[in-house]
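Take a look at the structure set out below.
Read the figures in this text as sums done on the coordinates, not as results from a lab. Note that the structure is a prediction, hence the values are computed from the model and not measured. A quick note on method: Cβ atoms are made from the backbone with ideal geometry, for glycine too, and the neighbour counts reach across all protein chains shown.
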Amino acid sequence: MQSDTTEYEIYVDGTFRSNLVGYGVVILKSGHFHAALFGIAKTDAEHRQIGGEITAVAEALRWCQKHQVKAVTIYYDYEGLEAWVTGRFETGQPLTQRYAEFVRSSGVRITWHKVTSHTGVKWNEKADQLASQAIALRRESTTEPVPSAQDSLLSEAERVARAFADFLGTQSIQAEFVGTFNGTYARVAALSGFFDLYNTPKKRLSPYIHKVNHENKARLQTAWQAFRQQSQS
């Protein structure tokens, strides 16, 4: 494994379920979510999840070629992905031979980094979820950037919180959008306190008002209800 760092980091994974092979890829740019790829791997079912792992790397490199990305760090949990390319493992089957040849000739410089599967590594778990999602949806291929569910929810929270801050201004309540936090909520400062808007799968656009007195809390609650009614009308 090389020790240099790259702007793009890619997490890959594969899975086998219902006699189908799925692959998932998460692409980060400068440490932030950038794109995701997932689909059904066109390999024989006998290769099981290994076919998905190999396809994930191949699709990631095709994405790099398309977007003229010359160097990446690839995080993987199946040892053969690196070992077949470096020659540490023999490529004893046509699938692994084609894989190794494609990676070596891809024109993309790879820094390999092994992670342990199912140990809570955030983006490795996301790649695994995408591979499973591909099978659940019977999705042949998705190779255009798609937002992560978490990022989409946070973007929605930010959009609504900004709009609510503007609405408060029309109600003669001075308010300011502060930012997003912990990947789960957006904050508005108002009436010397905070209006935090949570948006998660279990808490959709759920406000939490704190550090204000009872009267001001009631004002913010009333304003939020009016804002939501206006937004939905």
Largest-first ellipsoid semi-axes for the stretch 160-225, taking √(5λ) over the Cα gyration tensor eigenvalues, angstrom: 18, 12, 11
On Cα atoms only, tilt of 48-66 relative to the major axis of the chain in degrees: 70 degrees
Subset of Lys29/Lys66; Lys66/Lys202; Lys29/Lys122; Lys114/Lys203; Lys66/Lys126 violating a 26 Å alpha-carbon distance limit: Lys66/Lys202; Lys114/Lys203
Highest-fluctuation residue, Ser172, Ser30, Ser132 considered, GNM on the chain with Cα pairs under 10 Å: Ser172
Distance (nanometres) between label positions extended 7 Å along Cα→Cβ at Ser30 and Asn216: 3.6 nm
Between helix 214-232 and the chain: long-axis angle, C-alpha atoms, 0 to 90°, nearest 10: 60 degrees
Crossing angle, helix 94-104 versus the chain [Cα axis fit, 0-90 degrees, rounded to tens]: 70 degrees
Where Rh is the Kirkwood radius over Cα pairs, Rg/Rh for the stretch 8-146: 0.93
Estimated Rh, the chain: Kirkwood, alpha-carbon pairs, angstrom: 20.0 Å
